[in-house]
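Have a look at the structure below, then the notes.
The values are calculated or read from the model by the stated rules, or taken from the named source; none is laboratory data. Keep in mind that what you see is a predicted model, and the values were worked out from it rather than measured. For neighbour counting, all protein chains shown are included, and Cβ atoms are generated from backbone atoms with ideal geometry for every residue, glycine included. Only protein heavy atoms, including side chains, enter the accessible area calculation; ligands, DNA and RNA are left aside. Shrake-Rupley method; radii C 1.70, N 1.55, O 1.52, S 1.80 Å.
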Amino acid sequence: MTYPEGETKDSTCRDLCDHQPDYACQENGENLWDAFGLLQIDMGCESIRSQFLGNETGCSRNVLRKQRNWEKIISAKKRKRKHERKRQRAKHAEERDPAVQLSKRDLKGITRERLLRAKGTGPRLCVDLSMTAHMTKKEISRLAAQIRRLYGSNKKSQKPFWLYLTGFVENSPIAEECLRMNDGFSNYLIDVTPESYLDLFPLETIVYLTPDAENALEEVDPHKVYILGGLVDESIQKGLTFHNAQERHLQVARLPIQEYMVKKVNAKNYHSTTLAINQVFDALSIYYETNSWAEALKAAVSPGKGYVLWDTSR
């Protein structure tokens, strides 16, 4: 078979390439063209040769360049993340207490031991719930919330009290609210009883805390039992807890607010020494830890009560 003069060389090049294995054309392109030379085939196919090798080289270089750029970006991101992790670890190490590095289980165990130790050696505080009949449903809910905050403060304290809830009758409104509002209430490390505090403790160990008492509390005695009447701010009934304590010939006392604080002028001209039970407890707890009534009252008495420490009133 004969070919037109202009097609002989190109066709021969294509035929030879078609009969060579693919890997030979891809991996050993130079050898292929050398073979053409040995066969004395006119290298008029040089244009095809240049296109073939040029495309392969150009494509490879472009892919390699993109791959190198991508690897640089990934590597830079990894270095940045690693540096940020080191920075965060260093920052946390500076801010954290050694105790914070303990596991949650260890911290719970330490808190549990501290609370149980207070049962035998620490001061005792009792919330008297026998007066909830004088309260509305809304007030009972607020009281349940105050009990939750009181217990939370005691758990965090380094010198906790042992807590009692007396007059706590099962299925009563206050019992239902405590269970509804306080997660894990049934697992609280406290003594809960329907009995009266009068049946639990010797009368000489009881100190009933009421804002209507004449005598100010001077110290927290670990051998005493401090009673708080379970009444919220909205149900202020003048002298109710004070008269109950007097009828039973109990020792009564108040927080020394007037001794360490003064009235501050405010728009409503409002001043009150009646605190929520969790606020009274905070004052007792902080004083027991610091032996400073100034610190205790500053933390426990909110500005809304209209009192400030005497040295900050000017």
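Of the conditions (1) modelled with pLDDT of 90 or more; (2) at positive phi, residue 249 fails just one. Which one is it?
Failing condition for residue 249: (1).
Which condition breaks for residue 136 when tested against (1) modelled with pLDDT of 95 or more; (2) more than 20 Å from residue 245 (Cβ to Cβ); (3) over 28 Å from the mean Cα position of the chain (by Cα)?
Condition (1) is where residue 136 drops out.
Residue 154 is checked against (1) within 28 Å of the chain's Cα centre (by Cα); (2) open to solvent by 40 Å² or more (accessible area, probe 1.4 Å); (3) at pLDDT 95 or above and fails just one. What number does that condition carry?
Of (1) within 28 Å of the chain's Cα centre (by Cα); (2) open to solvent by 40 Å² or more (accessible area, probe 1.4 Å); (3) at pLDDT 95 or above, only one is false for residue 154: (2).
Please tell me if residue 244 is crowded, with 18+ Cβ neighbours inside 10 Å and over 23 Å from residue 301 (Cβ atoms).
Judged against the criteria, residue 244 is a match.
Name the residue, out of 238, 298, 305, that is over 34 Å from the mean Cα position of the chain (by Cα) and modelled with pLDDT under 95.
Result of the check over 238, 298, 305: 238.
Within the set of pairs 6+ apart or on separate chains, which have a first residue in the range 92-112 that is under 20 Å from residue 160 (Cβ atoms) and hydrophobic (A, V, I, L, M, F, W, C), a second that is open to solvent by less than 100 Å² (accessible area, probe 1.4 Å) and at pLDDT below 75, and C-beta atoms under 8 Å apart?
Note: pairs meeting the criteria are 107/99; 110/99; 110/102.
Which one of the conditions (1) surrounded by fewer than 16 Cβ atoms within 10 Å (Cβ to Cβ); (2) in contact (Cβ under 8 Å) with a residue 60 or more places away in the chain does residue 281 fail to meet, given that it meets all the rest?
Of everything listed in (1) surrounded by fewer than 16 Cβ atoms within 10 Å (Cβ to Cβ); (2) in contact (Cβ under 8 Å) with a residue 60 or more places away in the chain, residue 281 misses just condition (1).
Quick one: which residue in 200, 231, 217, 189 is open to solvent by less than 20 Å² (accessible area, probe 1.4 Å) and not aromatic (Phe, Trp, Tyr)?
Just a single option satisfies the conditions, and that option is 217.
Scan 53, 64 and give me the residue that is at pLDDT 80 or above and out of contact with any His (no Cβ under 8 Å at 6 or more places or on another chain).
Answer to the selection: 64.
Given (1) open to solvent by less than 50 Å² (accessible area, probe 1.4 Å); (2) among the aliphatic types (A, V, I, L, M); (3) over 22 Å from residue 139 (Cβ atoms), identify the lone condition not met by residue 267.
(1)
What are the residue pairs meeting all of these: first residue in the range 293-308, first residue touching a residue at least 24 places away in the same chain (Cβ under 8 Å) and closer than 15 Å to residue 258 by Cβ, second residue open to solvent by 20 Å² or more (accessible area, probe 1.4 Å) and in a helix (DSSP H, G or I), Cβ atoms under 6 Å, and 6 or more apart or on different chains?
These pairs meet every condition: 293/260; 293/287; 294/260; 297/260; 300/279; 300/282.
Quick grid of which residues meet (1) touching a Lys or Arg at 6+ places or on another chain (Cβ under 8 Å); (2) not small (Gly, Ala, Ser); (3) not in a loop (DSSP other than H, G, I, E, B):
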| position | (1), (2), (3) |
| --- | --- |
| 207 | yes, yes, yes |
| 212 | yes, yes, no |
| 223 | no, yes, no |
| 227 | no, yes, yes |
| 243 | no, yes, yes |
| 253 | no, no, yes |
| 267 | no, no, no |
| 275 | yes, yes, no |
| 283 | no, no, yes |
